[in-house]
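The values are calculated or read from the model by the stated rules, or taken from the named source; none is laboratory data. Everything numeric in this text was worked out from a predicted model, so none of it was measured. Quick reminder, even Gly has a Cβ in these numbers, built from the backbone with ideal geometry, and neighbours come from all protein chains shown.
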Amino acid sequence: MRRGLLDGHRVGGKEVEVIRPWGRALAPTVAVEFSHGGQDYRITKRFLDAPSSKLERKESGRFVSLAEASKADEMVRAMISKNAPGRGLSRPENWGLAQVLWTTQGDLALEGLSGDLVADISSSLRRQVAEPSAGPIERKMEEAYLRIYTPGGKYKTGRDAPPVVQLGHKLETARPERAAAVARQREYEDAARRVEDLRATRIQARRDAEAIGKEVKEARVRAESFQRLTSERNERAARASEEEAKHSDLKRRIDDIVSIRGDIKKATESLRKIESDLPLHERELLQREKEAAKAKSALEELRKERPQVDAARELAEQAWQFADNAKALDALEGELQRITAALEALNKRKKERAELVAPDDKAMKALRKAVKKRDEAQLLIEASLITLEVVPEKSGKLIIVTGEEPGEVGLSPGIPTRVTGSPEVVADLPGVSRLRASGPTGSVEEHRAGRADAERELQRLTKPFGTSDMESLETLLEKSRVFDRKISDAENQIDTWLSGRKLDDMHRQHSEVQAVHAKMTQDHPDWQRKMPDPSALKSAADDARRSFVGKVEKAESDWETAQNALTAARGRSEQASSQAEAARNMIKSLENRLAELTGDGKSDEQRAEELKKITLSWDAVRTKLEEIAGKLSGFKDNPVATAATLEKQVQAAEETASKALIAENREERHLEDLNAEGTYSLLAVVEERVAALEAEVTAEELRAGAIRLLRDTLVECRAEAVAAVAGPVETVATQIVQRIAGGRLGRLKLGDAFEPASVVPEISGEAVSLDSVSGGEREQIYLATRLALAEVLAREERQMVVLDDVMTFTDAGRMARVMAILEEEAQRLQIIILTCHPERYRGLNGAQFVDLEALLAASRASSI
């Protein structure tokens, strides 16, 4: 896609040579079909050798030439970028929109977009373009457009069809003729090449068959000799095995006879010794039985003293329990006394609090609200009154006709006199004038009624407390709070002493402990007078127990020793009897085996002579077998298999030559038929006619395309004023990142060129460089930024996003969320994913998987 859409077809240099097919002198070509502005296009380019470029546009269901050579490169590049590349292949800064929409393998990062793309994203969204028909230039452009295209954007047809359509019809008629002529010429060339290839194959196959035939004869002679020696070796080996078996059987019989005779002699001597020791073992067993019975009797007598030891230990434990019970009883009595005193003090404070009549917080809030309402009403009254101020220069009087306080008022020189009233103030200066002051109309009576209501509410609220003074009421409130705090502190102290217990439970526990104490003093009256010494009692009990245990352990050890001696003596006696019986059985078994071995009726001398004869025969057979093996070792491989393989090779070579001859004759006849047609001359005539038509069509298409491009550009440039795009892009990118990685990374910040600059985690609120996040999170941030920018670029037209093996550091859980996002983005974008790990994307719903290796294999197969 980079070669087809971004690079010029005339590009040269070393970096371009690498795209040439390896090991072949072929010119690389590329064809890309794409959509832009609602139109389908196809760009076809050839690089290096005879470079060419051709842009076609789909019209009426077929692609029609639109531009060629450099003009085609420029028109395609203008759809994506304004920044044309210099020498060599295009670099990312020349990609335009593809800087955002495409990623190369291992390069998901956005290092900053080129200046023209940043300007396009930022400024094109702020401009508004006038309607295309507003102005003489736009009108002329529209007229020129409608002479060629219909209002729907298609070429006109019929009587008003433009020249490009008429020429296109002629070209459509001529192209199939050229294609047929090219196919026939190519068929002629292929047939000639096949004839030469088949002739060379036939000649070589004949030569191979002759050469292999000589080797077959030699191999057959060696195979016959090998088979003869192999047969003789097998026969000698069978005889050697028979002689070896006879020798082994007789040698084993002679050795067994000698061995069994020796074993019988040893077993007889062992039986004689065992039988002489049996009386000694019986006397030892009787003595050990008497000693064991005596030791067991002594142990049982000692064990009868255990109840006395247990009674001493029980007394010591009861003394400990008595001491612990006494401590618990004292502690409970002390706690009950403290809690009882605290409860009496608490009841006294509650009584004092009940006798205090004071407002609570709710009542004070209502009082403050009523005071505020009264004061606000007073302010409104004062604001509603009209004020007339008179500053006399000499003494006199002022008669108030209308006002708050009608009547006569004395005047003193230089002293101001104020008269208030509503809705007007009227006063007379006798012998001078009548003064009248008025202002905005308003009902002061309404505010006076509000003040009266507030004062009545204050009287109602303060009546229970015997005073309406707010300071006194505040003092009563504070005093009640002091009482409440003291009561709360006392209750907390009592709760602390109770520690979650109930007072009744403590009294019940006290009664139970007291009952236990009384029972123990009843069992031990002397403990009532004097506390027992648990330590002394326990020490005495431990001494008695240690003494008892020591005696018992010694008696048990003596009894165990005697018992072990008895067991050992009994075992020795039984073992001697068993050994004697085993020796008798062994002698009997050996005598039976010896009778079987000597049952052949031969003497030892006869058997030795027979063994000697068998040994000599066996040695002779082995010597002959070694001679045959030496001869067979001279063959490096199996001559029989070699001969068979060579015969198959001769047969295959002859079949190859025959088939090649048949195919050669068939292709020669076909070549003669094609030569009679004059395929080359016919192709030259048709190509000249098609080339002339294509040149005329190209010129007309360039003119029509330029008019259409100008008109479409003005129409598409209608835009509304939009806010700066960085903020929305940051928001969308942040939402995508948080969907993938959660909210831990916080908010994403972009730089001036829309590159990811940092993240602002929620936990700190400070910007963190992308170098501080993991590799997986970094690639997730870059992907989110690209998708957010792609959404901005796709608002007016669906765009194509290309991802080449991205998300290599992302775990399976986050990868699943990435695929969910890609499925959503695919509603607005065309997404192409290039990967050598297709299994990672098998979970995408509605995705179309294309195996490039399978396509290449199919292409090779179809071209054979």
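See the values below:
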{"quantity": "Residue match in the stretch 814-824 (condition: in contact with a Phe, Trp or Tyr (Cβ under 6 Å, 6 or more places away or on another chain), modelled with pLDDT of 80 or more, on the phi < 0 side of the Ramachandran plot and not polar (S, T, N, Q))", "calculated": "no"}
{"quantity": "Residue within the stretch 517-539 that is aromatic (Phe, Trp, Tyr), within 30 Å of residue 313 (Cβ to Cβ) and either assigned to a helix (DSSP H, G or I) or outside the structural domain of residue 323 (by TED's automatic domain parsing) (or both) present", "calculated": "yes"}
{"quantity": "Some residue of the stretch 711-718 being aliphatic (A, V, I, L, M) and modelled with pLDDT under 80", "calculated": "yes"}
{"quantity": "Every residue from the stretch 686-702 that is touching a residue at least 40 places away in the same chain (Cβ under 8 Å), more than 12 Å from residue 65 (Cβ to Cβ) and either of a type in the set (A, V, I, L, M) or touching a Pro at 6+ places or on another chain (Cβ under 9 Å) (or both)", "calculated": "686"}
{"quantity": "Matching entry among 788, 784, 767 (being more than 25 Å from the chain's Cα centre (by Cα) and of a type in the set (Gly, Ala, Ser))", "calculated": "767"}
{"quantity": "Among the residues listed as 509, 493, 522, the single one being of a type in the set (S, T, N, Q), touching a residue at least 40 places away in the same chain (Cβ under 8 Å) and farther than 30 Å from residue 363 by Cβ", "calculated": "509"}
{"quantity": "Answer from 786, 744 - the residue that is touching a residue at least 24 places away in the same chain (Cβ under 8 Å) and of a type in the set (Lys, Arg)", "calculated": "786"}
{"quantity": "Qualifying residue in the stretch 200-213 (condition: of a type outside the set (Asp, Glu), assigned to a helix (DSSP H, G or I) and closer than 30 Å to residue 569 by Cβ)", "calculated": "no"}
{"quantity": "Residue in the stretch 347-356 that is under 30 Å from residue 454 (Cβ atoms) and at pLDDT below 80 present", "calculated": "yes"}
{"quantity": "Residues of the stretch 301-317 that turn out to be outside any helix (DSSP H, G or I) and either within 60 Å of the chain's Cα centre (by Cα) or touching a residue at least 12 places away in the same chain (Cβ under 8 Å) (or both), as a count", "calculated": "1"}
{"quantity": "Residue list for the stretch 1-15, restricted to those being within 40 Å of the chain's Cα centre (by Cα) and buried (at least 19 other Cβ atoms within 10 Å of the Cβ)", "calculated": "3, 4, 5, 6, 7"}
{"quantity": "Filter result (among the acidic types (Asp, Glu) and touching a Phe, Trp or Tyr at 6+ places or on another chain (Cβ under 7 Å)) within the stretch 270-312", "calculated": "305"}
{"quantity": "Which numbered condition residue 615 misses (of (1) touching a His at 6+ places or on another chain (Cβ under 7 Å); (2) under 30 Å from residue 283 (Cβ atoms))", "calculated": "(2)"}
{"quantity": "Scan of the stretch 404-418 for residues that are over 14 Å from residue 382 (Cβ atoms) and not polar (S, T, N, Q), ordered by number", "calculated": "405, 406, 407, 408, 409, 410, 411, 413, 414, 415, 416"}
{"quantity": "Single residue of the stretch 371-395 satisfying the filter (crowded, with 16+ Cβ neighbours inside 10 Å and in contact with a Ser or Thr (Cβ under 9 Å, 6 or more places away or on another chain)) that is nearest to residue 473 (Cα to Cα)", "calculated": "381"}
{"quantity": "Test: residue 642 is touching a residue at least 40 places away in the same chain (Cβ under 8 Å) and among the hydroxyl-bearing types (Ser, Thr, Tyr)", "calculated": "yes"}
{"quantity": "Count - residues of the stretch 607-618 that are touching an Asp or Glu at 6+ places or on another chain (Cβ under 9 Å) and more than 10 Å from residue 254 (Cα to Cα)", "calculated": "4"}
{"quantity": "Flag for residue 55 being hydrophobic (A, V, I, L, M, F, W, C) and within 29 Å of residue 163 (Cβ to Cβ)", "calculated": "yes"}
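Matching residues to (1) at pLDDT below 80; (2) in contact with a Lys or Arg (Cβ under 6 Å, 6 or more places away or on another chain); (3) assigned to a loop (DSSP other than H, G, I, E, B):
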| position | (1), (2), (3) |
| --- | --- |
| 607 | yes, no, no |
| 614 | no, yes, no |
| 621 | no, yes, no |
| 626 | no, no, no |
| 629 | no, no, no |
| 634 | yes, no, yes |
| 637 | yes, no, yes |
| 644 | no, no, no |
| 649 | no, no, no |
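Let's see how each residue does on (1) in contact with a Cys (Cβ under 6 Å, 6 or more places away or on another chain); (2) of a type in the set (Asp, Glu); (3) closer than 30 Å to residue 320 by Cβ:
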site	(1), (2), (3)
551	no, no, yes
578	no, no, no
588	no, no, no
592	no, no, no
597	no, no, no
600	no, yes, no
612	no, no, no
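Each row is one residue, and each column tells you yes or no for (1) modelled with pLDDT of 85 or more; (2) more than 25 Å from residue 832 (Cα to Cα); (3) of a type in the set (A, V, I, L, M, F, W, C); (4) within 42 Å of the chain's Cα centre (by Cα).
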| site | (1), (2), (3), (4) |
| --- | --- |
| 29 | yes, no, no, yes |
| 34 | no, no, yes, yes |
| 49 | no, yes, no, no |
| 52 | yes, yes, no, no |
| 63 | yes, no, yes, no |
| 79 | no, no, yes, yes |
| 89 | no, no, yes, yes |
| 101 | no, no, yes, yes |
